[in-house]
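Below: one structure, written as C-alpha cells.
Values in this text are rule-based calculations from the coordinates and carry no lab data. Only a predicted model underlies this, so the values are computations on that prediction, with no experimental measurement involved. Cβ atoms come from the backbone with ideal geometry, glycine included; neighbour counts cover every protein chain shown.
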Amino acid sequence: MPVTVRIPTPLRPFTNHRATVEADGETVGQVLAHLTSSYGDLRTHLFAADGALRSFVNVYVNDEDVRYLQREATIVRPSDTVSIVPSVAGGSGATDVEPRSSGRATAAPLSHDEVKRYSRHLIMPEVGVAGQLRLKAARVLCIGAGGLGSPASLYLAAAGVGTLGLVDFDVVDFSNLQRQILYDTADVGRRKLDAAADRLTALNPEVRVVQHETRLTSANALPVFKDYDVIVDGADNFPTRYLVNDACVLLGKPNAYGSIFRFDGQASVFATKDGPCYRCLYPEPPPPGLVPSCAEGGVLGVLPGIVGTIQATEAIKIIIGAGETLAGRLLLFDALTMEFRTLKLRRDPACPICGDHPTITSLIDYEQFCGIAPPAQAAAAASLPPAFEITAEELKAGIDRRDPIWILDVREPREFDICRIPNSTLIPLGDLAKRLDEVPSGADAPDIVVHCKVGGRSAKAVQLLRERGYTRVKNLKGGILAWIATVDPALPTY
C-alpha cells in the first residue's frame, strides 16, 4: 500500500511536492530508500556519505519526530504521512506563559489617544487594559528589517509595543520592494533602519524605535539582547540563526522564530522555560552551499508577510501571557497548497546549549560552526588565478574581433529568462558534470567563457572544467551584472 511522503520546496527541484511509496509495513528507512532510488539527486540532501540521515534534516511520521520513535526503524502504515523537514538559512498552555514585561516598572497609564488607538484590544478579555499596559512596557528586538522583520515590526508597532529594537546594517534595494513592506520606491538607497524608523513612527508615534546598525556577532549579541523581553528572529543565514538561538538560551529570552523559502514557511517559539531550542530541531547546519538562500532560490512576495505576522502574534501572546504559544511545536506553511501543519518538538536532553549537561556556555564562532570561512579566506578560496579570469570589457572586445568564443551560462533557467548575454548557452551548474558532452572540446574548440550572476558559481564551473581537461576556459569576472554595468546597461538586473 502506498505511503505519502511530503517534500518541502527546498528539495522540490529534485522531486515533486508529494511522492507515494509502496510500503506496507516497511520502515522509514526503507521508505526513504525507495524515494531516493526514484530521485537520485535527493540522496545527497538527505544522507551523509556514511549513509546516515543528515542532522539538519528531520523526518516526521504524521506529527511525531522519528528521533523520538525508532528513528529510521519506525514502522509506517498506509494511512501515515512521512514529512521531510529540512532547515531553511516550539505548545505551552496559558498558565505557562509568563508576561515578559512584568518585571519592569509599570508603564504610564494609557492616554485618551492610546485608549482610542487600542480600543479593539481593550475590549478583549485576553488583553484588556492590563495587557495593553504590558505591551506598552515591553521591549521587543527584531533581528533583521527585511522580509520577516517588515511585517513583524509593523504589527508590533501597531499593537503598541513600547520599545521596538531593529538590528540591520543594509540599505534598501529595488529587489527588496517585492516583499519588504516597510519600504517604498522612494526609500531605495536609504539605510534600512532610517526608513524603517520613519515608517514605524508614522504608524504609531507612541512606539520608541531603537536602531542597532550592526552585523550581529558573538561579541555584541548578549549586550544587544539583554534589555529586551522577546527576540523575533528574522535572520536570513544559518550562522545568525544559531547565534540568535544560543544568545536567547543563555539569557533566557524567548525566541519567536520564522523562516521562509520559495513557497514554504516555518515558525516556532524557542528558548522558553523547559522548551526546546533551535538546536534541538537542527543540531547541525547544512554544509555551505547545499541549501540556497532566498536570493538564489527566490521567495513568494507574500510569504514573509504571513510568517512574519505569525512571529508578531507569538511575541504579543508571550508579552500579555495569553493563549498557547508555538513552544514545543513547529508550524509548517505551504503556500502552494495553502496548508498549515503543526509538528511536535521536544527539548533534547543532550542538546549542547539547553540540554541537561550543556557544553556550550558562551557564544562561539558561528561562521566556523557553519563551515563558512572568514571573509578573507572565503575570497581567497573562491578566487581564481588572474589567468583564469576575463573582464566584461575584454569579453566584449573579443566578440567584436570575432574571436572564437563559446559563452557558457551556468545560472538557472529562470535567471536566463530575465537577462542573458547574446549567443550564450545555458547549462546550470548542477547539470554541468552530466552534460559535458555539450561543451566544445578538442584542438579546434573555441575558447570558453563561463558566467553566472556575480562570478561565484561560474568560478566553480571553471574549476570543474579544468579538472576535466578543459584548458582554454575563463571565468567572467563579476558575472552578468558586470556585463550589464559596463557593456550592456539596457539589460535588466535582478
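In Å and whole numbers, how far do the C-alpha atoms of the chain stretch along each principal axis, longest first?
For the chain, the Cα spread along each principal axis is 82, 60, 40 Å.
Highest mean first, what order results for 330-338, 398-406, 133-141 on Cβ atoms within 10 Å?
Numbers: 330-338: 16.7, 398-406: 12.2, 133-141: 24.1.
Ranking the peptides 330-338, 398-406, 133-141 by packing returns 133-141, 330-338, 398-406.
Over 24 Å between C-alpha atoms is what I'm after, so list which of K116/K192; K226/K344; K226/K273; K116/K226; K192/K477 land there.
On the way: K116/K192 30 Å; K226/K344 29 Å; K226/K273 17 Å; K116/K226 32 Å; K192/K477 29 Å.
Over 24 Å apart, Cα to Cα: K116/K192; K226/K344; K116/K226; K192/K477.
Reachable aspartates and glutamates from K253, Cα under 15 Å, same-chain residues fewer than 8 places away excluded?
D96, E98, D227, D229, D233, D274, E314
Within 10 Å, count the other beta carbons around each residue, average over each peptide in 417-425, 144-152, and list them highest first. Walk me through the intermediate numbers first.
Working: 417-425: 14.6, 144-152: 28.1.
Packing order, densest peptide first, comes out as 144-152, 417-425.
Quickly estimate the mean residue ellipticity at 222 nm for the chain, helices only: each DSSP H run with n ≥ 4 gives -39500 (n - 2.57), and the total goes over all residues, rounded to 500.
Values: 19 runs with 154 residues, N = 494.
Roughly -8500 deg cm²/dmol at 222 nm, from the helical runs in the chain.
Applying a 10 Å radius around every beta-carbon, put 114-125, 300-311, 444-455 in order of their mean neighbour count, most first.
Values: 114-125: 13.7, 300-311: 21.8, 444-455: 20.2.
Ranking the peptides 114-125, 300-311, 444-455 by packing returns 300-311, 444-455, 114-125.
Under a point-charge model restricted to the Cβ atoms of Lys and Arg (+1) and Asp and Glu (-1), what is the dipole moment magnitude of the chain relative to its Cα centre, in debye to the nearest 20?
Details: 51 positive and 57 negative charges, 114 e Å.
With Lys and Arg at +1 and Asp and Glu at -1, about 540 debye.
Which listed residue (L432, A482, C370) has the Cα farthest towards the positive end of the charge dipole for the chain, taking +1 on Lys and Arg C-beta and -1 on Asp and Glu C-beta about the Cα centre?
Comparing the listed Cα positions along the dipole, C370 ranks first.
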